[in-house]
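A short worksheet on the structure shown next.
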Amino acid sequence: MIHSDDAEFGALMDKITRDSGFQCSSYKDKCLRRRIAVRMRAKSALSCTEYAGILDSDPREYERLMRSLTINVTKFFRNWDTYSEIEQKVVPALWDRGERELRVWSAGCASGEEPYSVGILIHKYAIATHESARLESLSIVGTDIDATCLSEADRGLYPESALGDTPADLRERYFPQVDGLRTMLPEVRRLVSFECSDLLRFQPPFEDAHLLVCRNVIIYLEREAQDALFAEFHRALAPGGFLVLGKVETLLGEARSLFSPVNARERIFRKI
């Protein structure tokens, strides 16, 4: 059983932030306690003070802790209804802008399924409209705080289970099999790059993104951090740019005046 009072837990949070840069104070307390408890049990630590000592003596434990604290549950085309709406409404609208460069940011992308999914939809549309040459001006960047996940994303190799929500036609067209795994089709893989970045420090990969996808990340943040992030998202988007959130997330407070709904049920919004 784990024993720690609030002061001891707070001291551990301060240490983690100081040592790793992970902004513990921006995340919901219950979420942090639950995920840290998992690592404490794994290391047989009975208190936060004991676990802090383990972090000092075992540098690799910080890597394991960061993987536990960051949310890495994802699949290709997770919640297909949302991606269907992106395919039908967002991608054509982006394409019709006629921009010299089209910029897409997938924030909190974990192992890359999300930016690759968007890349597939844009690639499919470009081929269907006989404008594949315009893909040369497309930039899709996935960012995440977890460098290990990003290395997996860059390799573009995935188990069959990662494609559980992927429509059969897209699975066969864009995911050739290699040694029992599925690999990202090179034509899509080259459209996507990855950068290690802490979302809460807000270092967007470029200015004036035309589409910003951040799904199932904001729900774990405290309200103050959510408000600040929505304001930063608004600044990062080009005029009329799109924002896509997770199905259990929504705009709150002041953020409602910054975006208009495209499809509120699927959490797709547009910058006002």
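The values are calculated or read from the model by the stated rules, or taken from the named source; none is laboratory data. None of the values given here were measured: they were computed from a predicted structure. Note that we place each Cβ from the backbone using ideal geometry, even for glycine, and neighbour counts take in every protein chain shown. Protein only, heavy atoms only, side chains kept; ligands, DNA and RNA dropped before computing areas. Shrake-Rupley method; radii C 1.70, N 1.55, O 1.52, S 1.80 Å.
Points to keep in mind about this one:
- Residue in the stretch 12-22 that is more than 30 Å from residue 134 (Cβ to Cβ), under 18 Å from the mean Cα position of the chain (by Cα) and crowded, with 17+ Cβ neighbours inside 10 Å present: yes
- Scanning the stretch 23-51 for residues that are under 21 Å from the mean Cα position of the chain (by Cα) and hydroxyl-bearing (Ser, Thr, Tyr) gives 25, 26, 27.
- Residue within the stretch 252-263 that is among the polar types (S, T, N, Q) and under 16 Å from the mean Cα position of the chain (by Cα) present: no
- Long-range neighbours under 6 Å by Cβ, at least six apart or interchain, first residue within 24 Å of residue 96 (Cβ to Cβ) within the stretch 137-152, second of a type in the set (S, T, N, Q) and open to solvent by 30 Å² or more (accessible area, probe 1.4 Å): 141/193
- Condition met for residue 116 (touching a strand residue (DSSP E or B) at 6+ places or on another chain (Cβ under 7 Å), within 12 Å of residue 189 (Cα to Cα) and aromatic (Phe, Trp, Tyr)): yes
- Enumerated helices (runs of 4 or more DSSP H) restricted to the stretch 139-219, each holding at least 3 residues that are buried (at least 18 other Cβ atoms within 10 Å of the Cβ) and under 13 Å from the mean Cα position of the chain (by Cα): 147-155
- For the stretch 220-242, the tally of residues that are farther than 15 Å from residue 269 by Cβ and either open to solvent by less than 30 Å² (accessible area, probe 1.4 Å) or part of a loop (DSSP other than H, G, I, E, B) (or both) stands at 3.
- Among the conditions (1) touching a strand residue (DSSP E or B) at 6+ places or on another chain (Cβ under 9 Å); (2) at pLDDT 95 or above; (3) not polar (S, T, N, Q), the only one that residue 187 does not satisfy is (1).
- Qualifying residue in the stretch 243-252 (condition: open to solvent by 30 Å² or more (accessible area, probe 1.4 Å) and in a helix (DSSP H, G or I)): no
- Residue match in the stretch 116-135 (condition: assigned to a loop (DSSP other than H, G, I, E, B), at positive phi and surrounded by 16 or more Cβ atoms within 10 Å (Cβ to Cβ)): no
- Residue in the stretch 74-89 that is at negative phi, out of contact with any Lys or Arg (no Cβ under 8 Å at 6 or more places or on another chain) and modelled with pLDDT under 95 present: yes
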